[in-house]
1. Compare the peptides 202-212, 94-104, 463-473 by average per-residue count of other Cβ atoms within 10 angstrom and give them in order, highest first.
2. Among DSSP bridges having both ends in the chain, what percentage is antiparallel? Round to the nearest 5.
3. Size of the dipole of the stretch 355-410 about the Cα centre, Lys and Arg at +1 and Asp and Glu at -1 on the beta carbon, nothing else charged, in debye to 20?
4. Counting Lys +1, Arg +1, Asp -1, Glu -1, what net charge surrounds residue 204 among other residues with beta carbon under 13 Å of its beta carbon?
5. By the scheme Lys and Arg +1, Asp and Glu -1, what is the net charge of all other residues having a beta-carbon under 15 Å from that of residue 97?
6. Counting only C-alpha contacts under 8 Å and six or more residues apart, can you give the relative contact order of the chain as a whole percent?
7. List the residues, sorted by chain then number, that are 5 or more residues from residue 342 or on another chain and whose placed amide H is less than 5 Å from its amide H.
8. Sequence-distant or interchain residues sharing an amide H contact under 5 Å with residue 142, placed H: which?
Amino acid sequence: MENRKVRVRFAPSPTGPLHMGGVRTALYNYLFAKKTGGDFILRIEDTDQTRYVPGAEEYIMEALEWCGMKINEGPKSGGEYGPYRQSERKASYLEFAEKLIESGHAYYAFDTPEELTEMRERLTKAKVAAPQYNAVTRETMKNSLTLSEDEVKRRIDEGEPYVIRIKIPRKEEVRFHDVVRGWVVVHSSQMDDKVLFKSDGMPTYHLANVVDDYKMKITHVIRGEEWLPSAPLHVLLYRYLGWEEVMPAFAHLPLILKPDGNGKLSKRDGDRLGFPVFPLNWKDPDSGEESQGYRERGYFPESFVNMLAMLGWNPGTSQEIFSMDELIEAFSLERVGKSGSKFDPEKAKWYNQQYLRTYDDAALAEIFQVTLKEKGINASDAYVTKVCSLIKEKTQFTAEFWGFGNYFFQQPESYDEKVIEKRWNETAIRFFPALADAFEDIEDWRADEIESVFKLIAEKLEINPGHVMQLFRVLLSGQGGGPVLFEMTELLGKQEVVARLRNGVERLK
Ligand code: GLU
């Protein structure tokens, strides 16, 4: 086991868009694989055809790609252990279910849905807390343990529908070690005889998952905590199929919790509190309902990945910003916590802001130019780059650039009313025309020069510069706050500034 090359898989079922919890599972698999020089495999678990949602598989692949996780083997890239879609491996599962029957660890069951319901009702009446098909109840049902061999054969030959169930031992402790949780011990009396093979000719998740992990030589199963209850069953399957030697290590990841810590983060929390829970936009093919993704909300993939990595894992230091390479370097399963992590939407934004600040101005300008072009605004890259350098400190998303910086491209449409109400008075009416005149005479239109002229005029008119400073900003930008004032003035250009001041005085008369 020690010498095997690390191989991990992300094994989503294409039943809808990938939740951010699913992306985190993929990410921890990816980080672990890359850290250990192993392979990251994508396997699509589509055995439940009733839950198949068109477009979900493409969505999953696009999301992983957006996050920068490169797949070593998968449905698109192929690989030595393919195919990587369970529906295409259909023919390979029955053999193992039959092997289990032969060795006495599984059996045929012929019970109809009505009979199963009847059994549950009977047990509920008898006050059994969790009625299930198990070591006790199987004795009373129609299966190859209770029917004669001939009868079983006859039913199968006549084409009667059947399922194959695992025969869970009556009294046994099932133990396994989980990298995150330590030793997990479950008594078999708590387990039920799960269906391994369905009447539609398809394996269930449990059988297909274990068979494929074995065949694909998976060394570590890293998945969400919701699969922890299935793990004892999987452990028994490894044992009964004779694969215990190569059973993968298990690591069950803690949940991502709602912002208030009460329960698992759901799409409804996102809708209610206004944050995305999916990586990319998703349109439900049935209802037509649209959900916004982190990508479309304006998050950088790097910040989304960084934020997700910290939801459940910690580096053991106070460092919060990690590139993908740094995450790979620092990651270990041992530092994944046992308890759930509260999702904090403000922290997600904070991460984006940190990344936005590290982007260089020209790259941000390229993004901003798309919006400007859409608005029919033609501005040089050099100018937009300077605008970005001034406004980026104040924003968390590039999508906010237009809201913060539209006045760099057009006259303000309106003025911040609160500032006008508080500050527009006789003094202002004296100051701004004089300021415009003095600005016209500036030859070297630079921030420091502009600032000294501003102060000089105030002094001359015996006005406290502090009383007109914010108004000055509002006349130029419409807004009460914004980037460094005189640098912003410099960038707007002399003519534009003078025109806006004169115009403002007119408008506010
Ligand atoms: N198909 C399962 C899912 O949708 C995979 C669980 C596992 O990784 O074993 O999450």
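1. Working: 202-212: 22.7, 94-104: 15.3, 463-473: 17.1.
Top to bottom by mean Cβ count within 10 Å: 202-212, 463-473, 94-104.
2. Details: 19 of 35 bridges.
Looking only at bridges with both residues in the chain, the antiparallel portion is about 55 percent.
3. Values: 6 positive and 7 negative charges, 27 e Å.
Roughly 140 debye, rounded to the nearest 20.
4. Numbers: positive: 51, 90, 165, 194, 198; negative: 45, 46, 48, 192, 193, 200, 212.
Overall, the nearby charge balance is -2.
5. Numbers: positive: 89, 90, 99, 165, 167, 194, 198, 215; negative: 95, 98, 102, 193, 200, 212.
Result for the local shell: +2.
6. Working: 744 pairs, mean separation 60.6, N = 509.
12 percent.
7. Amide H neighbours of residue 342: 257.
8. 110, 111
Computed from the coordinates by the stated procedures, all read-outs in this text should not be read as laboratory data. Predicted model, so just to flag it, every value in this text is computed and none were measured. Ideal geometry is used to build each Cβ from the backbone, glycine not excepted, and the neighbour counts take in all protein chains shown.
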